[in-house]
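The values are calculated or read from the model by the stated rules, or taken from the named source; none is laboratory data. If you're wondering where the values come from, they're calculated on a predicted model, not measured in any experiment. A quick note on method: Cβ atoms are made from the backbone with ideal geometry, for glycine too, and the neighbour counts reach across all protein chains shown.
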Amino acid sequence: MSVGWSAGAGRPTVIQPTVYRGGGEEGGIDCGCCRICPCIHLGFLRTRAGWLKMIELIITAIVLILTLEYGLYYSSSLGQAFNFFLVIVCAGIFVISLLIFCYIISSNSFSLIRSSVLETVFNVLIGILYLISSSHLSWAVQTWLYPHYRVTPYFTVYPAMTAAYVSLHSLIFWVLGFVLGCVHLIDAFMAYRHLQGRPA
């Protein structure tokens, strides 16, 4: 939304962004004979940006569950790396949930928020923080938990923590922390293209 002052009129000219309608359909859930909850707009979830947001939310929830289930007991051993990663995951899931909620309950929210710099900056920042915190926690897991894994039978924390972060000794290991960082950077690129007025 841009506001410009006209020299002759003395009042601002407000230019409204285009309304996101999710493919031209009405809001709500169609149950055959009527529409239930016309205030919600599920058309956002069928877009590319909606899919990316849902992927981010699901992967972040998986990482949060793995972190709390297997890492909380060893947080004192892992030190600040664990706390830093946990704060990043919690902040990420909070903001992603908030954005999805805003996009679903208001058809204008997608156009207004996506056309601002908020989504671009958030996704770049959280993507970089995921990459940094995953690397830091990977180092802590390798340094402090790997020796326990080698000597303790049925030590299940190490495989779960390496699935959530990184295993430095394996050559190629798809790590949820790095995947999440990359997904956020892709979303940042799409938000930047939307900010510039180009199709994502």
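Residues are listed down the side, and each one gets a yes or a no for (1) assigned to a helix (DSSP H, G or I); (2) over 17 Å from the mean Cα position of the chain (by Cα); (3) surrounded by 12 or more Cβ atoms within 10 Å (Cβ to Cβ); (4) of a type in the set (Lys, Arg):
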site: 33; (1), (2), (3), (4): no, yes, no, no
site: 49; (1), (2), (3), (4): yes, no, yes, no
site: 60; (1), (2), (3), (4): yes, no, yes, no
site: 73; (1), (2), (3), (4): no, yes, no, no
site: 81; (1), (2), (3), (4): yes, yes, yes, no
site: 84; (1), (2), (3), (4): yes, no, yes, no
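Residue-by-condition table, conditions (1) at pLDDT 85 or above; (2) more than 21 Å from residue 105 (Cα to Cα); (3) of a type outside the set (Gly, Ala, Ser):
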position: 20; (1), (2), (3): no, no, yes
position: 29; (1), (2), (3): no, no, yes
position: 38; (1), (2), (3): no, no, yes
position: 50; (1), (2), (3): yes, no, no
position: 64; (1), (2), (3): yes, yes, yes
position: 74; (1), (2), (3): no, yes, yes
position: 78; (1), (2), (3): no, yes, yes
position: 87; (1), (2), (3): yes, yes, yes
position: 92; (1), (2), (3): yes, no, no
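Regarding the stretch 128-144, can at least one residue be identified that is closer than 19 Å to residue 44 by Cα and either modelled with pLDDT of 90 or more or part of a helix (DSSP H, G or I) (or both)? The answer is no, given that none of the residues of the stretch 128-144 is closer than 19 Å to residue 44 by Cα and either modelled with pLDDT of 90 or more or part of a helix (DSSP H, G or I) (or both). Consider residue 189 carefully, then state whether it is surrounded by fewer than 17 Cβ atoms within 10 Å (Cβ to Cβ), modelled with pLDDT of 65 or more, hydrophobic (A, V, I, L, M, F, W, C) and part of a helix (DSSP H, G or I). So residue 189 passes the test.
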